[in-house]
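Visitor: Please see the structure below; I have some questions.
Just so it is clear, none of the values below were taken in a lab; they were calculated from the coordinates. Computed from a predicted structure; not experimentally measured. We place every Cβ from the backbone using ideal geometry, glycine too, and count neighbours over all the protein chains shown.
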Amino acid sequence: MKYCNNCKQLVEPRKEFGWAPFILLAICTLGCGAIIYLIYHFALKEKTCPMCNSDNWGVAPTTTIPTTTIPTTTIPTFCPNCGAKINSEDGFCAQCGRKI
Ligand SMILES: [Zn+2]
Ligand SMILES: [Zn+2]
């Protein structure tokens, strides 16, 4: 998949063989042009967009998914000994000194 700058979306690139210029070149140049066209088509020609037929390829804009920052909520814990509200980070009760 490639990103088309014209269509502003990801499309499956395709390489379409142009029969009209191929035959025209073959007739006009008595075969030589047809070979040149074949080389051009398979070696040089860029794949085109199936929607707009252009080869205006670009880089798909990276959709940055906003990282939802989970707020770290400090759940108030209460001391089983005295019932005082204690900070879990402390590891002990400030009221009675009991270890949590
Ligand atoms: Zn396109
Ligand atoms: Zn306590």
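Visitor: State the Cα centre-to-centre distance between the range 81-100 and the range 1-76 in whole Å.
Guide: 65 Å
Visitor: Please list, in chain and number order, the residues 5+ apart from PHE92 or on another chain whose amide H is under 5 Å from its amide H, with Hs placed from the backbone.
Guide: Amide H neighbours of PHE92, under 5 Å, 5+ apart: ILE100.
Visitor: Now for a different question. Rounded if a/c is under 1.5, else prolate if a/b beats b/c, else oblate: with a ≥ b ≥ c from the C-alpha gyration tensor eigenvalues square-rooted, which is the chain?
Guide: Values: a/c = 10.32, a/b = 6.67, b/c = 1.55.
Note, shape of the chain comes out prolate.
Visitor: Length gain on complete extension for the stretch PHE42 to ASN56, per 0.36 nm per residue less the alpha carbon to alpha carbon distance?
Guide: Numbers: separation 14, 0.36 × 14 = 5.04 nm, distance 1.84 nm.
Going from the current span to full extension adds 3.2 nm.
Visitor: Can you list residues from other chains, or at least 5 along the same chain, whose modelled amide H is less than 5 Å from the amide H of ALA60?
Guide: For ALA60, the qualifying residues are TYR3.
Visitor: Something else: To the nearest 20 Debye, how big is the dipole of the range 12-84 about its Cα centre, given +1 on the beta carbon of each Lys and Arg and -1 on that of each Asp and Glu? Kindly include the intermediate steps, with their values, before the conclusion.
Guide: On the way: 4 positive and 4 negative charges, 14 e Å.
For this selection, approximately 60 debye.
Visitor: Under a 5 Å amide H to amide H cut-off, with H placed in plane at 1.01 Å, what residues pair with PHE78 once short-range neighbours are removed?
Guide: It is ILE86, by chain and number.
Visitor: Sorted by mean Cβ packing within 10 Å, highest first, what order do the peptides 27-38, 52-63 take? Numbers along the way, then the final one.
Guide: Values: 27-38: 13.3, 52-63: 11.2.
Highest mean packing first, the order is 27-38, 52-63.
Visitor: Specify the angular offset, from 0 to 90 degrees and rounded to the nearest 10, of the alpha carbon long axis of helix 19-28 from the longest principal axis of the alpha carbons in the chain.
Guide: So the inclination is approximately 30 degrees.
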